[in-house]
Amino acid sequence: MVGKKGSVKPRKTISKTIAEHGAKAGEMVDIVTKGDKVTKTVSRVEAMEKGLRYRFVQVLVFTPERELWVQWRSRHKMICPRQFSASAGGVVEAGQTYEEAALCELQEELGVTGVDVVEVGRYTVDGKEPYNAAVFACQYDGDDLTGWEEEADALDVMTEEELMFLKERFPYLLASGFVKALEMLEGDEA
């Protein structure tokens with residue numbers, strides 16, 4: 001049940017190849033430089049297979065009480081399985097702005113529409129799967145979140161104190177990009 005601590009929805013065993021992982025049929029992404037200049041457009045599968053830099057977005061959804069909705073990522077996810085991550089997130093499709101992608105991810109992963117998002121910051125990740133990321137935050141006054149079951153085994157709220165405890169004592173439970181997003185928020189109001 002969404003919103004209850006410790007709630008977990010059982011998942012079927014799924015085996016995915018890199019070509020099937022998270023990529024919608026025909027999903028295209030812009031390949032960008034570290035400075036975020038678009039150089040070409042390719043399929044998401046090609047970007048992943050060749051290690052090309054693409055764009056990514058995370059959205060942090062807060063309750064009116066300043067608790068943060070977090071996902072416990074499915075063990076079947078290729079990237080950051082069994083780790084806590086942002087409320088919503090995903091690749092920025094070709095031609096989309098970061099903000100457009102943030103609003104799409106909110107609707108696709110949580111069923112949330114009609115909210116204003118505020119950009120918190122940006123960061124880059126190098127390595128095997130490089131990407132440029134933008135982090136957004138918003139407030140949502142409801143617990144009727146739907147669609148998350150495709151991405152996560154559970155969705156729950158956490159206080160700032162709970163998140164800082166995890167970050168300090170059990171950092172391996174937090175997706176690395178989620179840690180970067182949380183660090184952007186330290187001392188700021190979303």
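We did not get these values from a lab; they are worked out from the coordinates using the rules stated. The shown structure was predicted, so the numbers you read here are calculated from the model rather than taken from an experiment. Counting neighbours? That spans all protein chains shown, and the Cβs are built from the backbone with ideal geometry, glycine included.
If you average the sequence gap of Cα pairs under 8 Å that are 6 or more apart and divide by the length of segment 28-185, what percent do you get for the contact order?
28 percent
What's the FRET efficiency of Thr113 with Thr33 using the Cβ-Cβ distance as r and R₀ = 22 Å, to the nearest 0.05?
Efficiency, from the Cβ-Cβ distance: 0.10.
Nearest 20 debye, what's the magnitude of the dipole of segment 28-185 about its Cα centre given +1 on Lys and Arg Cβ and -1 on Asp and Glu Cβ?
Value, rounded to 20: 1040 debye.
Within segment 28-83, report the trypsin sites (Lys or Arg not before Pro) that DSSP leaves as loop and that have at most 15 other Cβ atoms within 10 Å.
Numbers: sites: Lys34, Lys37, Lys40, Arg44, Lys50, Arg53, Arg55, Arg66, Arg73, Arg75, Lys77, Arg82; in loops: Lys34, Lys37, Arg53, Arg66, Arg75, Lys77, Arg82.
For trypsin sites (Lys or Arg not before Pro) across segment 28-83 that sit outside H, G, I, E and B with at most 15 neighbouring Cβ atoms in 10 Å, the list reads Lys34, Lys37, Arg66, Arg75, Arg82.
Return the Cα extents of segment 103-171 along principal axes one, two and three, sorted largest first, each rounded to a whole Å.
35, 27, 24
How far apart, in nanometres, would the label points at Glu99 and Gln139 be if each is projected 7 angstrom from Cα along the Cα-to-Cβ direction?
My value for the distance between the label points is 2.0 nm.
Short version: what are the Cα gyration tensor semi-axes of segment 28-185, square root of 5 times each eigenvalue, largest first, in whole Å?
Its equivalent ellipsoid spans semi-axes of 25, 17, 15 Å.
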